[in-house]
Amino acid sequence: MALIGRKRARMVDRDHAVEVINAAYAEGQLTTEQREDRVHRALLATHVGDLDQVTSDLQTAQPEELGSEVAPTSWWGRTSRRTKVAVAGALLVLAGGGLAVAEMGGDSDSVVEAQDPPYVVPATAEAVEELIADQQEEFDTTKSYGVSLQAELSTVAVPTDDGRARYQQWTVGDGTFEASGEVTGGGDQIEFDLAEVDIEALEASFDSAWTTLDVPDPTHATLVIDHWEQYEEPRITINVTNEYDEHGYVVTDLAGRVIEREPFDPTSP
């Protein structure tokens, strides 16, 4: 039986974690820097346990403590999932001008002005190939601790050059790289080489995911490439989703061999 913490996180799980973090920040539990770091990690979370790590030490306010700012009838409570994610992602790129966000305090008339963010890379084989080439040109290496191409935020984790198991996270888009967060220890992540990704096999994996995972009217795909120490080799996870967050996924190795496959199940709760 799979451990609860290793269950894969849904978009609704990430949304909830972001709401908890923002509420904790409003109550003074977190500094601005801590809030930005935790939102970033929540949006990139692959498993439920990853979300627990960024919220487990936070006190959850009771409804009477929340007042009008974050009550269910507030702007944050009734806004769409897409806008919530855009607001959370804006915390990471305010300095770069990717999104302009009004101060979210007090009333429900807060304004969010969103532009096309520079840190979103489409999850396609061609985009992965271009990203690898861009990383090679920018950092003179194809080694990585992880790639995440999401509808909200796309990142790469590039090893530092000090010979230790550490990496710098970068948000990416259109050939640009913007550092996000501090240099991080590798932990239970293992460095791998993106040059070993078989792009033709990856393209076939995307085609198969779109057509055989039984997701009704799929709208977008996401991709994660990583190597956790509990696995013998790096893994590519392609997740296909529709507007109702119904999804299916396939996991392959870098050569395209299928390791795990989970089509959409309409009977699953």
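Is the shape of segment 179-267 rounded, prolate or oblate, going by the alpha carbon gyration tensor and its root eigenvalues a ≥ b ≥ c, with a/c under 1.5 for rounded and a/b larger than b/c for prolate? Could the numbers behind the result be given before it?
Working: a/c = 2.07, a/b = 1.59, b/c = 1.30.
Note, shape of segment 179-267 comes out prolate.
So what's the gap between the Cα centers of segment 193-269 and segment 117-185, to the nearest angstrom?
19 Å
Check each of the chymotrypsin sites (Phe, Trp or Tyr not before Pro) in segment 198-269 and keep only those in coil by DSSP with at most 12 other C-beta atoms within 10 angstrom; list them in order. Could you put the intermediate results ahead of the total?
Working: sites: Phe206, Trp210, Trp228, Tyr231, Tyr244, Tyr249, Phe264; in loops: Tyr231, Tyr244, Phe264.
Passing sites in segment 198-269 are Tyr244.
Quick one: grab the alpha carbon gyration tensor of segment 107-226, order the square roots of its eigenvalues as a ≥ b ≥ c, and give me rounded if a/c is under 1.5, else prolate or oblate depending on whether a/b is larger than b/c.
Oblate.
Summing Lys, Arg as +1 and Asp, Glu as -1, what charge do residues with Cβ under 10 Å from the Cβ of Pro218 carry, Pro218 excluded?
Local charge sum for Pro218: -4.
Of Lys143, Lys7, how do they rank once you tally other Cβ atoms within 10 Å and put the fewest first?
With the sparsest Cβ surroundings first, the list reads Lys7, Lys143.
Arrange the peptides 181-193, 160-172 so that the one whose residues have, on average, the most other Cβ atoms within 10 Å appears first.
Packing proxy ranking, top to bottom: 160-172, 181-193.
Rule-based calculations on the coordinates, nothing more; no lab input. What you are looking at is a predicted structure, and each value in this text was computed from that prediction instead of being measured. Here the Cβ is made from the backbone with ideal geometry for all residues, glycine too, and neighbour counts use every protein chain on show.
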